[in-house]
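**Q** Dropping a structure here in structure tokens format, bear with me for questions.
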Amino acid sequence: MLRSAFKGLFTVLETQHCLNLTSILRPLPCGGGSPKRALGTILVRFKSTQLTPMPRQEQPSLDPELYRAPSAVRGMTCLDRGAFAQTITVPGIRIPKVVINKVVKRLKRVALKRPGLKRVVDEDGGEESEHKLLLLDPTKITSSDAFSEEEAGTLRAFEVAQEVSQHELKLTYDNLKTEEILRAVLPEGQDVTSGFSRVGHIAHMNLRDHQLPYGNLIGQVLIDKNPGITCVVNKTNTIDSTYRNFQMEVLAGENKMVAKVRENGVPFEFDFSQVYWNPRLSTEHERVVSTLNRGDMVLDVFAGVGPFAVPAARRGCMVLANDLNPESHRWLKHNCQLNKVSSKVTTFNLDGREFIRGPVREQLPGLLASEVGVHFVMNLPALALEFLDAFKSLLVPELDKETSGKSNLPKVHCYGFSKEDDPKKDMVARASASLGFELEGHCSVHMVRNVAPNKEMMCVSFTLPREVLYGAHKDSQDEPAAKRQKCEEKLD
Ligand SMILES: C[S@@+](CC[C@H](N)C(=O)[O-])C[C@H]1O[C@@H](n2cnc3c(N)ncnc32)[C@H](O)[C@@H]1O
């Protein structure tokens, strides 16, 4: 009687729902077990598959884009996490409990990997069953033949039947990745890049025009998916302000702009909305600082909040650090205190030229008369090369007699952007023009990073030529501030 009930049920299901029951039933334990239990299992299996009718073929064929969120979320601007819930079908393979750990280890490549989802689950028999189910990645296993030779060998070795069945899985917002969520929400065919830079608890993004209406949702998703991020901002201008800080608007999360970060093990704090900070420069900061020796003098012309100055002082250098932005200057002092190096760093809030021609000019003769290594750091890539002219005739041979004959000349690290085909040549040419001295053959050029497809950040390093430092004065405009001041005093 049971047999004829099965047959009737199959015929109805196969014709009305276009289901391939052969494939649904194949993995079921056919021999053994009571007929009643077998029917119960079949009905459960049918229930779990009826939403996704199978094509009429031997092996299940699965859509590799099954993780796509429900289409109803398209265009959502206010995040409704519940709307992402869905039930999908994924492949699975029955593995005896006694070998499950060993087999799973060897099937890592094809095992389901979803945030927050278990990949080894009880099969229908629950705890009592001698088998467990390993859920598989539907983008890797589309049929029972999709295992690699090695994986198939593992299955044979552990006497696991190479048969893939399908299983229902509840997928929620928590199980989706950022990009999957955004791809489902943002207009189809448009770029969904969710890249961001992280500064402490702040993620900063550069949204394109078509992404702006979704700004709040994008921000919420980033906060949800990245532990530690509690504030997401969007840059609303390019970085061309004098102080190199961004205009920004908060997309989501708390409006708290004071960030705490560590760079190369050194702690820094600053108001990210008021100052310049770029996490992509940590390697460059480390590169330059590693060339310094204990007791050296560092003259940081565009110091920001101290990513060269503070580690240099921690390394045992004395530092004069300057920044024109009063907020940068304030946080620079704060970071010196934070790192307990205030006694080693003297800070200034001046224009870079005034800094070179004022406090630096005052100290330079004494420094050059000593054995101390002197290093200028000039990181304002958009303009720093132009500031090199501040070194022209900075010292006067007659006034700075003790130093003019010595060879302890300062080293300069000056940064610039280049869009030329040969950025090294371009950097050397521009630095030479600014100094009025041909640097070719007397400098090294380091490529710092690629800023944009056709824009490199470079660093040219050289020993400041004596001819520049003690050069003849062409006219009174070029005279160093110190000397000009003396003349003006005389006129008074
Ligand atoms: C690109 S940031 C570099 C900051 C830091 N040295 C670093 O490596 O992250 C340039 C810094 O130069 C400062 N600045 C801009 N114009 C200046 C000027 N004319 N004189 C002195 N500092 C200036 C900005 O406020 C900013 O902090």
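The values are calculated or read from the model by the stated rules, or taken from the named source; none is laboratory data. Just so it is clear, the structure is predicted and the values come from calculations on it, not from any experiment. Here the Cβ positions follow ideal geometry from the backbone for every residue, glycine too, while neighbour counts run over all protein chains shown.
**Q** Pick from LEU169, LEU135, LEU112: which is in contact with an Asp or Glu (Cβ under 8 Å, 6 or more places away or on another chain) and crowded, with 17+ Cβ neighbours inside 10 Å?
**A** LEU112
**Q** Sticking with this one: Tell me, yes or no, whether the stretch 303-313 has at least one residue that is surrounded by fewer than 21 Cβ atoms within 10 Å (Cβ to Cβ) and assigned by TED's automatic domain parsing to the domain that holds LEU367.
**A** no
**Q** I'd like to verify a number: residues in the stretch 171-214 that are at pLDDT below 95, within 29 Å of LEU112 (Cβ to Cβ), of a type in the set (Gly, Ala, Ser) and not in a loop (DSSP other than H, G, I, E, B), how many?
**A** Of the residues in that region, 1 qualify.
**Q** Can you find even one residue in the stretch 420-436 that is within 20 Å of GLU286 (Cα to Cα), in contact (Cβ under 8 Å) with a residue 24 or more places away in the chain and of a type in the set (A, V, I, L, M)?
**A** So far as the stretch 420-436 goes, no, none of its residues is within 20 Å of GLU286 (Cα to Cα), in contact (Cβ under 8 Å) with a residue 24 or more places away in the chain and of a type in the set (A, V, I, L, M).
**Q** Something else now. Step by step: first the residues of the stretch 224-247, then only those that are under 13 Å from MET205 (Cα atoms) and buried (at least 18 other Cβ atoms within 10 Å of the Cβ), then the one that is modelled with the lowest pLDDT. Which residue is that?
**A** Among residues in the stretch 224-247 that are under 13 Å from MET205 (Cα atoms) and buried (at least 18 other Cβ atoms within 10 Å of the Cβ), the one modelled with the lowest pLDDT is PHE246.
**Q** Does LYS102 satisfy the condition of being over 30 Å from ILE223 (Cβ atoms) and part of a helix (DSSP H, G or I)?
**A** yes
**Q** On to the next question. Can you run down the residue pairs with Cβ atoms below 6 Å, 6 or more apart or on separate chains, where the first is in the stretch 284-310 and farther than 12 Å from VAL377 by Cα and the partner is within 11 Å of the ligand (Cβ to nearest atom) and of a type in the set (S, T, N, Q)?
**A** Partner pairs satisfying both residue conditions: VAL305/SER328.
**Q** Within the stretch 255-298, can you find the residues that are part of a loop (DSSP other than H, G, I, E, B), under 22 Å from VAL460 (Cα atoms) and in contact with a helix residue (DSSP H, G or I) (Cβ under 6 Å, 6 or more places away or on another chain)?
**A** The answer is LEU292, and nothing else.
**Q** Another one. Among the residues of the stretch 383-394, is there at least one that is within 16 Å of the ligand (Cβ to nearest atom), in a loop (DSSP other than H, G, I, E, B), modelled with pLDDT of 95 or more and under 42 Å from the mean Cα position of the chain (by Cα)?
**A** yes
**Q** Moving on to the next point. Where in the stretch 416-492 are there helices (runs of 4 or more DSSP H), lying wholly inside it, with at least 1 residues that are within 25 Å of PRO365 (Cβ to Cβ), of a type in the set (S, T, N, Q) and modelled with pLDDT under 95?
**A** 481-491
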